[in-house]
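Data first, discussion second: the structure below is written as structure tokens.
The values are calculated or read from the model by the stated rules, or taken from the named source; none is laboratory data. Note that the coordinates shown come from a computational prediction; the quantities given were computed from them, not determined experimentally. Note that we place each Cβ from the backbone using ideal geometry, even for glycine, and neighbour counts take in every protein chain shown. Protein only, heavy atoms only, side chains kept; ligands, DNA and RNA dropped before computing areas. Shrake-Rupley method; radii C 1.70, N 1.55, O 1.52, S 1.80 Å.
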Amino acid sequence: MKYVRTLCCLAVLLFSAVTAAPVSAATRSLSLVSLAGKGVGVHGAGWGHGRVVLSLQTGPWVLAVSLRPTATGTFTVTAPGVNLCAGVVLVAHDTHGHGKKVHGPPLGCASPADYPRPRLQVTLGKRVASPTVRILDAHPASITLHVGDVLYLWEPGTTAPFFSPRESGTPGVLQLIAQGQTTAKPCAEAECAAGFYWKWLAVKTGDSGIELSAACRQSKPPCMLPDFVIRVQVVP
């Protein structure tokens with residue numbers, strides 16, 4: 001009986017060691033797939049159970065979805081409305097700083113002149129929300145994010161944003177995952193006006209920043225508003 005109990009304990013320890021072992025970055029995969037009736041899609045395998053952010057860049061669009069893979073570490077996301085002639089880049093990142101990228105096939109067709117906004121639908125796995133730090137009507141000198149957080153920046157404007165952002169600092173700390181325009185809404189908050197937005201994912205620890213330049217600097221004569229930087233520190 002003592003021998004049986006010892007074997008049972010060893011089995012439990014071995015099982016715990018296997019299930020608790022972290023997923024190796026080498027096991028993660030991301031591949032482009034074609035799904036009947038759903039258009040282009042992307043399939044991920046070996047991603048463990050943590051949150052994954054998948055971003056799509058195609059034509060003039062950049063958008064993203066946050067999801068949790070299945071118990072086996074797999075997920076599938078479809079992108080109805082994507083036109084492969086416009087070029088397609090899909091990038092997945094998890095909250096441990098690992099990332100994978102896949103490109104659409106090189107095609108000889110012309111990019112469409114009128115390209116409606118595509119969609120992202122999670123068909124395997126579960127769509128979840130990402131912790132988000134929002135910058136709307138005031139520009140802080142610095143902010144702190146955790147790996148896996150999303151930084152949302154909104155700027156007012158109808159034809160162009162009042163301030164245009166670009167990433168500065170250590171490359172690869174932030175990943176642009178979405179950008180677009182917002183329409184005016186009947187409410188009193190700052191973001192209710194027409195404007196532009198950008199979303200960055202905190203991919204790895206380090207110091208980065210968002211440099212903001214006033215649109216009126218490009219007018220003639222240019223305005224005298226200086227550029228300024230929002231310092232971004234990403235911690236584990």
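Couple of notes before you dig in:
- Within the range 87-143, being in a loop (DSSP other than H, G, I, E, B), within 18 Å of R28 (Cα to Cα) and modelled with pLDDT of 90 or more holds for one residue alone: G125.
- Looking across the range 144-164, the residues that are part of a strand (DSSP E or B) and either open to solvent by 30 Å² or more (accessible area, probe 1.4 Å) or under 29 Å from H49 (Cα atoms) (or both) come down to T144, L145, H146, V150, L151, Y152, L153, P156, S164.
- Looking at I230, I210, just one residue is part of a strand (DSSP E or B) and either open to solvent by 70 Å² or more (accessible area, probe 1.4 Å) or touching a residue at least 60 places away in the same chain (Cβ under 8 Å) (or both), and that residue is I230.
- The range 49-69, subset in a strand (DSSP E or B) and small (G, A, S), residue nearest to L120 (Cα to Cα): A64
- Residue list for the range 70-86, filter: open to solvent by less than 30 Å² (accessible area, probe 1.4 Å) and either closer than 22 Å to K199 by Cα or in a strand (DSSP E or B) (or both): F75, T76, V77, T78, A79, P80, V82, A86
- Restricting L67, L7 to those that are modelled with pLDDT under 90 and either closer than 30 Å to W198 by Cα or not basic (K, R) (or both) reduces the list to L7.
- One residue stands out in the range 190-207 among those that are in a loop (DSSP other than H, G, I, E, B) and farther than 20 Å from V147 by Cα: the one that is most open to solvent (accessible area, probe 1.4 Å), namely A193.
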